[in-house]
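Okay, structure first, notes after.
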């Protein structure tokens, strides 16, 4: 579905992301974990087109999309959410979703799509409210609904679970599973909350200091000595 | 909604019948108000909907005015077509400077527009062959034309008001509101900020240019420092800000208040009026950023409690 080849981002001498490759299968959930500053969000930004890669390539179903601007990447079918939620504060909940449906990949039946996305995340009854009146979990769901309304094929989720309370975290994890099944989506997921990563992800990629240091099933990577030393430091 | 349409139609009819009962002074003031309301609304497409505050819209007002005046002096086109031609040139000019500068946001964009406005004024002041320099251009006065122009200005205002409403409800409006909310998040749902901002600047610039053309026809004399002065650019900002940025009724109310205020200030304090504009702008932004519309909402809420 999505293939990333040796993607790099350099700022002068600093390598924020250093030749990271990954493959995301159809309807797969691939987790991307790693300590703070490992380059996870930069990797996402490059795939989503909001930052230009220094080198490397991105393919969506075989088509090269590396270096396209963000709005064009959305039209191709890759959409991201932000770690710090960014709803349009001046638009209602419905209009937020409508923006996604109107300008996304498939722009037909925008109003119906916006409604469908809001119903899926459970925000339809708040459609007339402004995002500022939602809880953090509510705004994260709105961000998710807005992304879904663009009819994506690949969803990039940047810490949609972190920061909410434990019961909401569980709800979000179930929501993500539900979304994958309802929409047949492939999902790339940055997450810090390890229990969620363990239950949600089919496979996990571990980044440290810009490099991919391990990959495998959740159980494999957490017992990998390289991963343990990346998180805890070596003895 | 239906009430709003009925009220607007009634106001339009009343205004259309008014010139039979007006003194020449009030007649001038009313026509000027129509043009100012229309430009305030057109400014608001960019400043209010997209959140890009332009301090350079006089450049398009002047461009539209002088192009239309030149066409009329050459007798090449009838007035309405000359105004439209002026508007198209003004819109194209807006695109030329706007396409690169609209990448800037907030105060950075605003500062760039101040530079554009002033540079355009200087070029027009020294470009004698086209603008007549500081002695300006005079258009022939046609007896009875002022009354026709009053109606034309009113019709133009009605058109711009309807366009404001249509844009707000359109795909373009949704894109602009999203861009104002968060330009990067807008890109992340597939909105090309460059395309929609360029488009709205063209429309806003063209409408402002047409207003400049009608203004030139009505007053039959234009000169660069009046058409393109910084105080003219400021006046567009003030009208929208006094009334309420981003709304439709706001700039209308703001422009009416502004025209009355300006008449009083220029009459009573000709040296001070620019300073007073500035003070007013600061006061509105500090105390009621949503202008008269915000104040109105606040009063309604208070009354309801």
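The values are calculated or read from the model by the stated rules, or taken from the named source; none is laboratory data. No experiment lies behind these values; they were computed from the predicted model shown. Because the Cβ atoms are built from the backbone with ideal geometry, glycine has one as well, and the counts that use them run over all protein chains shown.
The figures follow:
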| read-out | value |
| --- | --- |
| Leading residue by the ranking (nearest to residue B:168 (Cα to Cα)) among those in region A:72-84 that are crowded, with 23+ Cβ neighbours inside 10 Å and within 9 Å of another protein chain (Cβ to nearest Cβ) | A:74 |
| Residue B:211 surrounded by 19 or more Cβ atoms within 10 Å (Cβ to Cβ), away from chain A (no Cβ under 14 Å) and either out of contact with any helix residue (DSSP H, G or I) (no Cβ under 7 Å at 6 or more places or on another chain) or closer than 26 Å to residue B:115 by Cα (or both) | yes |
| Index of the failed condition, residue A:126 passing every other in (1) in contact (Cβ under 8 Å) with a residue 12 or more places away in the chain; (2) farther than 20 Å from residue B:179 by Cα; (3) under 22 Å from the mean Cα position of the chain (by Cα) | (3) |
| Entirely in region A:1-86, the strands (runs of 3 or more DSSP E) that have 3 or more residues that are in contact with a helix residue (DSSP H, G or I) (Cβ under 7 Å, 6 or more places away or on another chain) | A:2-11, A:14-24, A:29-33, A:78-80 |
| Residue match in region A:49-71 (condition: over 29 Å from residue B:246 (Cα atoms), buried (at least 23 other Cβ atoms within 10 Å of the Cβ) and within 11 Å of another protein chain (Cβ to nearest Cβ)) | yes |
| Verdict on residue A:96 being facing chain B (nearest Cβ under 9 Å), in a loop (DSSP other than H, G, I, E, B) and at pLDDT 90 or above | no |
| Odd one out for residue A:144, checked against (1) in a loop (DSSP other than H, G, I, E, B); (2) away from every other protein chain (no Cβ under 12 Å); (3) crowded, with 18+ Cβ neighbours inside 10 Å; (4) within 15 Å of the chain's Cα centre (by Cα) | (1) |
| Unique residue being touching a helix residue (DSSP H, G or I) at 6+ places or on another chain (Cβ under 8 Å), buried (at least 17 other Cβ atoms within 10 Å of the Cβ) and without any contact (Cβ under 8 Å) to a residue 60 or more places away in the chain when the list is B:252, B:245, B:284, B:256 | B:284 |
| Some residue of region B:263-273 being under 21 Å from residue B:44 (Cα atoms), without any contact (Cβ under 8 Å) to a residue 60 or more places away in the chain and surrounded by 11 or more Cβ atoms within 10 Å (Cβ to Cβ) | no |
| Evaluation of residue B:165 against (1) under 22 Å from residue B:36 (Cα atoms); (2) surrounded by 24 or more Cβ atoms within 10 Å (Cβ to Cβ) (one fails), failing number | (2) |
| Region B:184-198: number of residues that are more than 10 Å from every other protein chain (Cβ to nearest Cβ) and surrounded by fewer than 21 Cβ atoms within 10 Å (Cβ to Cβ) | 1 |
| Considering residues of region A:103-118 that are more than 21 Å from the chain's Cα centre (by Cα) and more than 11 Å from every other protein chain (Cβ to nearest Cβ) only, the residue nearest to residue A:130 (Cα to Cα) | A:115 |
